[in-house]
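Notes follow once the structure below has been shown.
The values are calculated or read from the model by the stated rules, or taken from the named source; none is laboratory data. These numbers come from a predicted model, not from an experiment. Cβ sites come from the backbone with ideal geometry, for glycine too, and all protein chains shown count toward neighbours. Heavy atoms of the whole protein, side chains included, go into the accessibility calculation; ligands, DNA and RNA do not. Shrake-Rupley method; radii C 1.70, N 1.55, O 1.52, S 1.80 Å.
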Amino acid sequence: MSALTTLQISPARWLYLRLSRSPSLTTGAAIILIVLFMAIFAPWLAPYDPTLQETANRLMAPSQQHWLGTDAFGRDILSRLIYGARPTLLLVLFVVLLMAPVGITIGILAGYLGGFVERSLMRITDIVMSFPRLLLAFAFVAIMGPGLLNGALALALTSWPAYARQARAETAKLAKSDYLAAAEMVGIKGPRLLFGHVLPLVLPSAVIRLALDLSGIILAAAGLGFLGLGVRPPTAEWGSMVADGTQVIFDQWWIAATPGFAILITSFGFNLLADGLRDLMDPRND
Amino acid sequence: MQKAVLRSLPEPHNSRQPRWRELSLLGPLSKWLMSFAMTLLGLALVTFAMTRLSPIDPALQMVGDHASQSTYQAARLELGLDQPLPVQFLRYLQQAVSGNFGQSISTGQPVASDIARTFPATLELATAAIIIGSLIGLTLGIAAAMRQGGLIDAIARFVSLFGYSVPIFWLGLLMLLLFYARLHWAPGPGRLDVMFQYTVKPVTGFALIDTWMSGKAGAFRDALAHLALPAIVLAFHALAGISRLTRASILSELGQEYVLTARAKGASLSRVVFVHILPNIAGTLLTVIALAYASLLEGAVLTETVFAWPGIGRYLTTAMFSGDMPAILGATLVVGSCFVLLNALTDVAVARIHKGQAR
């Protein structure tokens with residue numbers, strides 16, 4: 001026993017060792033932090049007002065004044081790129097806040113209560129799970145009207161089932177454990193049992209699942225923007241910036257190329273982060 | 001893709017699992033039909049709910065802004081908007097089942113005939129893409145698993161990460177820029193050159209088959225050239241998941257005892273992979289490919305928009321721009337039903353494979 005205890009290291013050191021062993025986690029986290037930084041400090045970082053139109057300087061090639069050139073309205077692309085991180089991350093945040101609680105609650109309820117409740121909840125989950133996600137999201141926003149909140153609703157509407165399934169499976173496993181039996185024995189029941197004792201154990205795998213889903217959500221959000229179903233112009237948003245550049249793609253290709261690259265990098269960052277998290281939390285997964 | 005693996009595995013039985021499966025008097029086929037029908041019903045219910053929550057008034061859209069009050073009321077009556085909601089839903093279901101999606105506001109044609117006209121193009125694109133995607137994806141996944149940690153593995157990992165992260169509409173734009181505008185290797189957007197568009201008779205709606213039947217070698221080559229670029233772009237989308245899952249499932253099999261036994265008896269790595277492992281993971285691979293195919297059907301929406309491919313995806317986006325509700329709903333229902341059907345068929349096929357292996 002004493003030999004083991006001498007090997008113990010502080011949690012901070014453990015985290016540092018783990019991080020340095022997983023380059024994908026560190027790279028992914030770094031990318032996300034940079035994008036987050038860009039979004040928060042956009043007003044200080046952007047050299048120009050993202051909606052300022054200088055028609056004299058329209059469709060300019062990258063230069064000293066405008067590092068990434070200007071678009072068809074003479075707006076500075078770099079500034080729009082920096083500001084464009086905002087709606088993207090905001091939409092991701094909305095989707096996460098909407099879908100994860102719903103999915104996890106349904107899963108925990110189904111797994112704990114069992115019987116008829118479990119059967120009907122899981123039946124609904126299975127049905128929604130086999131819906132075409134992207135298509136329904138497009139249709140939803142097209143019919144309900146474009147906008148950030150509608151986009152988030154549309155994506156959340158079809159992405160909660162994965163969380164419900166996972167939470168149900170884990171809760172069902174837990175329900176037979178001594179841990180919960182002990183909690184029940186001392187008189188803990190109802191919501192306090194479910195959210196105080198079951199939820200903390202279900203949460204970690206849900207977080208990994210979330211990280212895996214985020215890149216898909218970013219791509220779907222960009223797709224909405226590209227189709228003109230995202231935030232309304234003139235607000236800068238990466239997907240709609242690519243759409244703006246489509247008309248002049250053969251002559252001024254950088255107008256569409258740079259925002260698309262930003263989408264690629266952000267989504268790439270979330271993918272790396274998820275990969276790293278999975279390795280970190282689950283050593284079996286090689 | 002995680003989803004795919006979970007789906008293909010039978011759920012472990014535990015005491016909390018309801019026993020209704022055993023008690024059910026229904027055969028497996030009718031049970032499958034039931035769940036398929038329930039999913040379709042759910043899809044219809046969701047789309048119906050959207051129309052009723054929408055700020056767009058279908059009656060007003062039908063008659064236009066300048067119609068008189070009485071014309072507007074007549075349109076409302078005709079659409080059954082005065083009826084209670086359950087009655088409206090039944091009516092909606094009945095019309096959808098009989099293939100009546102109403103009239104498109106922008107094209108003025110019945111939505112059903114618009115869909116029949118555009119759907120083959122989408123099917124052709126998605127099919128070409130899944131063929132390319134699964135060929136490359138399987139090859140890459142197998143090669144990566146056999147040389148784990150090697151150069152090919154690193155390339156495969158990068159390709160699949162890139163495929164997961166790239167916005168497909170942007171990739172399409174860049175490919176058009178490079179191969180069409182700069183290198184002139186590929187023809188521009190669209191499905192056929194203007195030269196052939198009116199000389200080749202559309203019989204099946206599939207450009208490749210129609211041009212082949214017309215006997216004009218130039219037309220066939222043109223159709224193939226037009227298909228290549230969008231199909232490759234769309235294939236990229238599928239390739240990522242397929243190669244990654246192929247690699248993962250081969251690797252997990254490589255540690256199994258039957259593989260070790262075969263290796264110990266002197267079977268080479270490639271023999272083990274191709275003769276022993278691949279048949280065992282066929283069910284998983286089939287699921288992945290089928291799910292990728294289904295997602296290509298919906299992913300085609302963005303690709304078609306970029307390449308001006310006259311499929312159902314582009315029809316849908318055009319309808320979205322004009323808020324053409326009947327067209328949006330009809331296209332969503334048709335593509336959505338195909339998606340659901342493919343998923344359901346995959347479940348059956350995988351169940352059959354598992355059954356065959358158990359024997």
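Which one is farthest from A:LEU155 (Cα to Cα) among residues in the stretch B:47-76 that are within 14 Å of another protein chain (Cβ to nearest Cβ) and not hydrophobic (A, V, I, L, M, F, W, C)?
It comes out as B:GLN61.
Looking at (1) closer than 25 Å to B:SER295 by Cβ; (2) within 7 Å of chain B (Cβ to nearest Cβ), find the lone condition where A:VAL96 falls short.
That leaves (2) as the condition not met.
Residues of the stretch B:249-285 being outside any loop (DSSP other than H, G, I, E, B), hydroxyl-bearing (Ser, Thr, Tyr) and open to solvent by 20 Å² or more (accessible area, probe 1.4 Å), which ones?
Scanning the stretch B:249-285 gives B:SER252, B:TYR258, B:THR261, B:SER270, B:THR284.
Would you pick out the residues in the stretch B:339-359 that are hydrophobic (A, V, I, L, M, F, W, C), open to solvent by less than 30 Å² (accessible area, probe 1.4 Å) and modelled with pLDDT of 80 or more?
B:PHE339, B:VAL340, B:ALA344
Mind checking which helices (runs of 4 or more DSSP H) fall wholly inside the stretch B:133-248 and carry at least 3 residues that are farther than 24 Å from B:ALA300 by Cβ?
Here the list reads B:151-165.
With the condition kept exactly as written, say whether any residue in the stretch A:238-247 is within 19 Å of B:ARG157 (Cα to Cα) and assigned to a helix (DSSP H, G or I).
Scanning the stretch A:238-247 turns up no residue that is within 19 Å of B:ARG157 (Cα to Cα) and assigned to a helix (DSSP H, G or I).
Residue-by-condition table, conditions (1) under 18 Å from B:ARG191 (Cβ atoms); (2) at pLDDT 90 or above; (3) among the β-branched types (Val, Ile, Thr):
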| residue | (1), (2), (3) |
| --- | --- |
| B:GLN109 | no, no, no |
| B:ALA112 | no, no, no |
| B:PRO120 | yes, no, no |
| B:ALA128 | yes, yes, no |
| B:SER134 | no, yes, no |
| B:GLY137 | no, yes, no |
| B:MET146 | no, no, no |
| B:SER160 | no, no, no |
| B:TYR164 | no, no, no |
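Inspect all residues belonging to the stretch A:232-248 and state whether any of them is of a type in the set (Val, Ile, Thr), closer than 23 Å to A:ALA100 by Cβ, more than 8 Å from chain B (Cβ to nearest Cβ) and surrounded by fewer than 20 Cβ atoms within 10 Å (Cβ to Cβ).
Checked the stretch A:232-248: no residue is of a type in the set (Val, Ile, Thr), closer than 23 Å to A:ALA100 by Cβ, more than 8 Å from chain B (Cβ to nearest Cβ) and surrounded by fewer than 20 Cβ atoms within 10 Å (Cβ to Cβ).
Output the residue which, of all residues in the stretch B:271-303 that are within 14 Å of another protein chain (Cβ to nearest Cβ) and touching a Ser or Thr at 6+ places or on another chain (Cβ under 6 Å), is nearest to B:THR261 (Cα to Cα).
Only one residue tops the list, namely B:THR287.
Being under 19 Å from the mean Cα position of the chain (by Cα) and not in a helix (DSSP H, G or I) is the filter; apply it to the stretch B:306-327 and report the residue that is nearest to the other protein chains (Cβ to nearest Cβ).
B:ALA308
For the stretch A:102-204, please list each of the helices (runs of 4 or more DSSP H) lying entirely inside it that holds at least 1 residues being at pLDDT 85 or above and within 26 Å of A:VAL92 (Cβ to Cβ).
A:115-129, A:133-144, A:148-159, A:161-175
Just one of (1) open to solvent by 10 Å² or more (accessible area, probe 1.4 Å); (2) over 24 Å from the mean Cα position of the chain (by Cα) trips up A:LEU149, so point out which.
Of (1) open to solvent by 10 Å² or more (accessible area, probe 1.4 Å); (2) over 24 Å from the mean Cα position of the chain (by Cα), only one is false for A:LEU149: (2).
Can A:LEU264 be described as more than 8 Å from chain B (Cβ to nearest Cβ), closer than 28 Å to A:LEU210 by Cβ and either touching a helix residue (DSSP H, G or I) at 6+ places or on another chain (Cβ under 7 Å) or modelled with pLDDT of 80 or more (or both)?
So A:LEU264 does not fit the description; no.
Does A:TYR83 count as more than 20 Å from A:LEU272 (Cα to Cα) and either in contact with a strand residue (DSSP E or B) (Cβ under 6 Å, 6 or more places away or on another chain) or outside any loop (DSSP other than H, G, I, E, B) (or both)?
Yes; evaluated as a whole, the condition is true for this residue.
Does the stretch B:55-71 contain any residue that is buried (at least 16 other Cβ atoms within 10 Å of the Cβ), assigned to a helix (DSSP H, G or I), outside the structural domain of B:CYS338 (by TED's automatic domain parsing) and modelled with pLDDT of 75 or more?
Within the stretch B:55-71, not a single residue is buried (at least 16 other Cβ atoms within 10 Å of the Cβ), assigned to a helix (DSSP H, G or I), outside the structural domain of B:CYS338 (by TED's automatic domain parsing) and modelled with pLDDT of 75 or more.
Within the stretch A:197-204, is even one residue exposed (fewer than 13 other Cβ atoms within 10 Å of the Cβ) and farther than 30 Å from A:SER267 by Cα?
No, the stretch A:197-204 has no match at all.
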